[in-house]
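The values are calculated or read from the model by the stated rules, or taken from the named source; none is laboratory data. Computed from a predicted structure; not experimentally measured. Using ideal geometry, Cβ is built from the backbone for each residue, glycine included, and neighbour counts are taken over all protein chains shown.
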Amino acid sequence: MIKPFDFYFDFVSPYSFLAHKQIRKIEKKEGIKIRYKPILVGGLHNLHGIKAPAFIPAKAKHMIRDCKLIAAKNGVKFKFNSYFPIRSLNLMRGVFVAEEDTIDRENLDELQENASIYLFPGTVVYGVGFSALQLGIARRMLTELRSLAMTKTPRGVAVSLRENPVFQQLLSRLEARLRSARAYLMSEALSAQQAVSARGAVTLDERARLKLASVHCIHEGVDIVHEAYRAAGSTAIFKSGPFERRLRDALSASQQTQARAENFVNLGRILLDLDPGNTAFL
């Protein structure tokens, strides 16, 4: 078992970047938290009267080759910064500010508010946020589709979209699906919030139920947007119009970790009283 240790780094150092990549693997494998400590490499060089390798052509050439060899050995994507060396003083100062003015959301001892939302893991909160975003995109898509239907008569069709029974049925079904998804999410969120407020802690079952609602809404939202896009016909294909943009927005939201199909697998295992496996995103 590896004990937690301090990692001193500077953004200017390519070796810091390469070490960071390996440290993240150690954290994941050993389940420990490495303490990142910012330092100013240039300041250390000046303190000891050392000229940085970056300013000595022969050493700089060797350093670049060395970094590429280390990256290749460890399977790290690495491209040397063409602006190297950069001034990292302001960046490193920013790290100190971030350490002083921020907290670890997952560490309950650091919380400054006792609201129930802070008792939920960050991944659950993010999932609800992404699902709400997706439902909002779907709502705007249906609003735009309804507006289009008021004026558009497709080529080769005798009646407008507004008067077309097929379109009427499609719009009402999409509206019902969107309202159902929103109601489902709201119900699970309210239920979990009330339970956590009363108990002061969140259970795996509550996390799973809320996660299932979130993942479902993200997938349902993108399906609704896609069907609405198709219903708009060729009007939807123009980049300057509202349909193409909403389709891109919905697809982008559905590409996030919160929408992975693997989430359904883990949640299904919980419903069947099986070991869920990876609960990192629950």
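Worth pointing out:
- Cβ-Cβ contacts under 6 Å between residues 6 or more apart (or on different chains), taken from a first residue in the range 251-266 that is in contact (Cβ under 8 Å) with a residue 12 or more places away in the chain and within 22 Å of L204 (Cβ to Cβ) to a second residue that is surrounded by 13 or more Cβ atoms within 10 Å (Cβ to Cβ) and among the small types (G, A, S), are listed as Q258/G127.
- Matching residues in the range 196-215 - criterion: being out of contact with any helix residue (DSSP H, G or I) (no Cβ under 6 Å at 6 or more places or on another chain) and either of a type in the set (F, W, Y) or not in a loop (DSSP other than H, G, I, E, B) (or both): A198, R199, L204, D205
- Search result, residues across the range 235-282 that are out of contact with any Pro (no Cβ under 8 Å at 6 or more places or on another chain) and among the charged types (D, E, K, R): K239, E244, R245, R246, R248, D249, R260, E262, D273, D275
- All of (1) at pLDDT 95 or above; (2) crowded, with 20+ Cβ neighbours inside 10 Å hold for L161 with one exception: (1).
- Applying the criterion of being loosely packed, with under 15 Cβ neighbours inside 10 Å and either among the polar types (S, T, N, Q) or in contact with a His (Cβ under 9 Å, 6 or more places away or on another chain) (or both) to the residues of the range 164-181, the residue that is farthest from S234 (Cα to Cα) is S180.
- When each of T153, T235 is tested for being surrounded by 13 or more Cβ atoms within 10 Å (Cβ to Cβ), in contact with a helix residue (DSSP H, G or I) (Cβ under 8 Å, 6 or more places away or on another chain), not in a helix (DSSP H, G or I) and not charged (D, E, K, R), the lone residue that passes is T153.
- Top-ranked residue in the range 262-282 [being at pLDDT 85 or above and assigned to a loop (DSSP other than H, G, I, E, B); ranked as surrounded by the fewest Cβ atoms within 10 Å (Cβ to Cβ)]: D273
- Residue match in the range 32-47 (condition: surrounded by 10 or more Cβ atoms within 10 Å (Cβ to Cβ), farther than 24 Å from N90 by Cβ and not hydrophobic (A, V, I, L, M, F, W, C)): yes
- Residues of the range 129-151 satisfying the condition of being among the hydroxyl-bearing types (S, T, Y) and without any contact (Cβ under 8 Å) to a residue 12 or more places away in the chain: T143, S147, T151
- Residue in the range 240-260 that is assigned to a helix (DSSP H, G or I) and either on the phi > 0 side of the Ramachandran plot or touching a Cys at 6+ places or on another chain (Cβ under 8 Å) (or both) present: no
- Taking the listed residues A213, A195, the one that is within 25 Å of D273 (Cβ to Cβ), in the same structural domain as L247 (by TED's automatic domain parsing), without any contact (Cβ under 8 Å) to a residue 24 or more places away in the chain and not charged (D, E, K, R) is A195, with no other qualifying.
- Candidates in the range 49-78 are the residues that are in a loop (DSSP other than H, G, I, E, B) and more than 10 Å from L18 (Cα to Cα); of these, the one that is nearest to the chain's Cα centre (by Cα) is G75.
- Check on K21, farther than 20 Å from V95 by Cα and either at pLDDT below 90 or not in a loop (DSSP other than H, G, I, E, B) (or both): no
- Pair list, Cβ < 7 Å and 6+ apart or interchain, from the range 56-81 residues that are touching a residue at least 12 places away in the same chain (Cβ under 8 Å) to residues that are not in a helix (DSSP H, G or I) and not β-branched (V, I, T): I64/F80; C67/F78; C67/F80; K68/F78; A71/F78
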